[in-house]
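Structure record follows, encoded as structure tokens.
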Amino acid sequence: MKQASYPHHIDLTPVAHMQGTVKLPGSKSISNRILLLAALSRGTTTIKDLLASDDTLVMLMALQQLGVKWQQVGDTQDYIVHGVNGILPVHQADLFMGNAGTAIRPLTAALAVIGGDYKLHGVPRMHERPIGDLVDALNAVGMRIDYTGNPGYPPLHIRRGALNAHRMKVRGNVSSQFLTALLMAAPLMARHEEMVIDVVGELISKPYIEITLNLMRRFGVEVQRDGWQSFSIAAGQHYASPGTIHVEGDASSASYFLAAGAIAGGPVRVEGVGRDSIQGDVRFVEALRQMGVQIVMGENWIEASSNGVLKAIDADFNHIPDAAMTIAVAALYADGTSVLRNIASWRVKETDRLSAMATELRKLGATVEEGPDYLSVTPPAQLTPASIATYDDHRMAMCFSLASLDGVARQGTRVRINDPKCVAKTFPDYFSVFRHIAEQTLI
């Protein structure tokens with residue numbers, strides 16, 4: 001799997017105009033879901049355009065340790081996965097999960113249900129990211145998951161349990177990945193009796209659950225839902241390979257380039273995601289439209305352009321928390337104060353993104369108010385040159401690259417991005433792609 005190499009920092013010089021076309025890398029959310037579903041299925045699955053990134057490599061290596069056989073097709077991002085039909089060949093393993101939430105959470109549920117002796121751990125930040133709601137839900141129906149560090153957080157030790165109930169509940173207001181994990185493992189629990197999963201409280205990031213349900217359907221499992229509060233999986237369903245499945249381009253990654261077109265004129269077109277996307281983050285374009293950006297969409301592409309002057313926005317971003325970070329930086333170029341609401345989930349991501357975003361935006365001269373679940377950004381008259389800390393968070397590095405853009409009504413500023421290699425989590429070649437459409441020099 002190709003990985004870009006980066007220096008300790010990258011200096012981005014001011015760019016007055018952005019235009020061009022970008023072919024997006026595969027979606028992380030879709031890639032890791034498909035990998036696990038293909039592994040659990042009956043039959044062999046060919047996956048086209050899998051994302052090349054740290055997070056997908058974590059999942060691939062974990063599946064390999066668990067005895068799932070897969071092959072990469074030459075130098076392409078196509079993979080062939082040989083499904084195990086819900087029965088893992090390896091019953092004891094010590095799995096390193098990096099900082100990949102899309103890997104550790106679904107794997108925790110699947111391994112707990114399948115049974116064995118498994119240890120899961122990751123980088124220090126992973127051990128600060130909550131997993132207690134998922135573990136509580138599984139242990140309440142007879143699974144055996146123990147914490148080997150701080151209660152409520154990885155690392156975990158999973159042992160063989162015995163399912164003793166067919167109705168379970170999980171909180172929905174911390175991370176939608178907990179419900180995704182339970183849904184993906186549910187057919188393994190519903191071999192002889194229907195399994196029902198009830199959501200306690202508000203369910204955040206609903207579009208990510210829609211991705212999960214869509215992909216489960218592609219692999220032959222139907223889930224019935226009662227609003228967003230209850231999900232039922234009928235007995236006797238089994239995952240079956242769809243044969244070949246394509247990974248969409250990453251809609252969260254699309255946000256940086258579409259915002260670049262918005263800030264610096266455009267047009268900038270992204271290919272690999274469009275009006276028919278199953279990803280909720282494609283709704284990022286609705287926020288751009290509210291900011292006065294011209295958006296054109298095709299079946300598999302989106303294009304953004306503007307006059308470079310953006311309208312301030314006040315909106316709820318609970319449905320697109322990852323792409324919302326891009327709006328926070330685009331707010332530097334708005335005509336007033338922007339408010340991003342209902343984004344408490346930022347605090348339990350790769351870093352505490354609310355705190356990190358507020359800190360780095362202030363370096364650029366913005367006036368920022370950080371609340372428990374909101375961020376208010378007032379742009380400065382002129383951006384201040386700044387050295388941006390990235391907190392080992394890929395999205396911090398990518399969204400702050402936009403602070404190097406002039407727009408029409410701004411003086412350009414030199415921006416230093418520290419530790420740019422963190423983009424390898426989802427988009428290893430990000431800065432070279434950014435350079436290509438910006439025609440700027442990286443130092």
query: Somewhere in the range 155-175, is a residue out of contact with any His (no Cβ under 6 Å at 6 or more places or on another chain), crowded, with 21+ Cβ neighbours inside 10 Å and not hydrophobic (A, V, I, L, M, F, W, C)?
result: yes
Count of residues meeting criterion [of a type outside the set (S, T, Y) and touching a Gly at 6+ places or on another chain (Cβ under 7 Å)] in the range 26-54: 10
- line: With criteria (1) open to solvent by 20 Å² or more (accessible area, probe 1.4 Å); (2) assigned to a strand (DSSP E or B), I302 comes up short on (1)
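Being under 26 Å from A424 (Cβ atoms) and surrounded by fewer than 22 Cβ atoms within 10 Å (Cβ to Cβ) is true for just one of G149, G132. Which residue is that?
Checking each option against the conditions leaves just G149.
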statement: Within the range 334-353, the residues that are touching a Leu at 6+ places or on another chain (Cβ under 6 Å) and without any contact (Cβ under 8 Å) to a residue 40 or more places away in the chain are L340, W346, R347
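If I filter the range 81-90 for residues that are part of a strand (DSSP E or B) and touching a strand residue (DSSP E or B) at 6+ places or on another chain (Cβ under 8 Å), do I get at least one hit?
Yes - at least one qualifying residue is present in the range 81-90.
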task: Filter the range 114-129 down to the residues that are free of Cβ contacts under 8 Å to residues at least 60 places away in the same chain, more than 23 Å from the chain's Cα centre (by Cα) and open to solvent by 30 Å² or more (accessible area, probe 1.4 Å), then identify the one that is farthest from L163 (Cα to Cα).
output: K119
field: Residue check, D75 under 25 Å from L163 (Cβ atoms), of a type in the set (D, E), open to solvent by 60 Å² or more (accessible area, probe 1.4 Å) and not in a helix (DSSP H, G or I)
entry: no
message: Looking only at the range 78-87, filter to residues that are open to solvent by less than 10 Å² (accessible area, probe 1.4 Å) and of a type outside the set (G, A, S); which one of those is farthest from T44 (Cα to Cα)?
response: Y79
- line: Residue count, the range 184-200, condition out of contact with any Pro (no Cβ under 9 Å at 6 or more places or on another chain), modelled with pLDDT of 95 or more and not β-branched (V, I, T), comes to 8
- line: The residue that is modelled with the lowest pLDDT, considering only those in the range 305-318 that are open to solvent by less than 40 Å² (accessible area, probe 1.4 Å) and under 24 Å from K206 (Cβ atoms), is N318
query: Residues of the range 94-110 being over 15 Å from L37 (Cβ atoms) and open to solvent by less than 10 Å² (accessible area, probe 1.4 Å), which ones?
result: L95, M97, G98, A100, G101, I104, T108
message: Here are the criteria: (1) outside any loop (DSSP other than H, G, I, E, B); (2) at pLDDT below 95; (3) over 20 Å from the mean Cα position of the chain (by Cα); (4) small (G, A, S). Tell me which single one A424 does not satisfy.
response: (3)
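Quick grid of which residues meet (1) more than 26 Å from L179 (Cβ to Cβ); (2) surrounded by fewer than 18 Cβ atoms within 10 Å (Cβ to Cβ); (3) under 24 Å from the mean Cα position of the chain (by Cα):
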| site | (1), (2), (3) |
| --- | --- |
| I10 | yes, no, yes |
| K23 | yes, yes, yes |
| L36 | no, no, yes |
| T44 | yes, yes, no |
- prompt: Residues of the range 241-265 being open to solvent by less than 10 Å² (accessible area, probe 1.4 Å) and part of a strand (DSSP E or B), which ones?
  reply: I245, G249
message: Pairs needed: first member in the range 73-96, more than 27 Å from L156 (Cβ to Cβ); second member anywhere, outside any strand (DSSP E or B) and open to solvent by less than 30 Å² (accessible area, probe 1.4 Å); C-beta distance under 6 Å; at least 6 residues apart or different chains.
response: Q77/L50; Q77/A52
query: Within the range 221-244, can one find any residue that is touching a residue at least 40 places away in the same chain (Cβ under 8 Å) and touching a His at 6+ places or on another chain (Cβ under 8 Å)?
result: yes
message: Anything in the range 179-209 that is of a type in the set (G, A, S) and open to solvent by 10 Å² or more (accessible area, probe 1.4 Å)? List them, or say none.
response: G201
- prompt: Cβ-Cβ below 9 Å, separation at least six or inter-chain, first residue in the range 314-333 and touching a residue at least 40 places away in the same chain (Cβ under 8 Å), second in a strand (DSSP E or B) and of a type in the set (D, E, K, R): which pairs?
  reply: N318/R341
query: Taking the stated definitions as given, is K2 modelled with pLDDT under 95, among the basic types (K, R) and surrounded by 24 or more Cβ atoms within 10 Å (Cβ to Cβ)?
result: no
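The values are calculated or read from the model by the stated rules, or taken from the named source; none is laboratory data. Since the model is a prediction, treat every value here as computed from it, not as a measurement. Quick reminder, even Gly has a Cβ in these numbers, built from the backbone with ideal geometry, and neighbours come from all protein chains shown. Quick note on the areas: whole protein, heavy atoms, side chains included, nothing else; ligands and nucleic acids left out. Shrake-Rupley method; radii C 1.70, N 1.55, O 1.52, S 1.80 Å.
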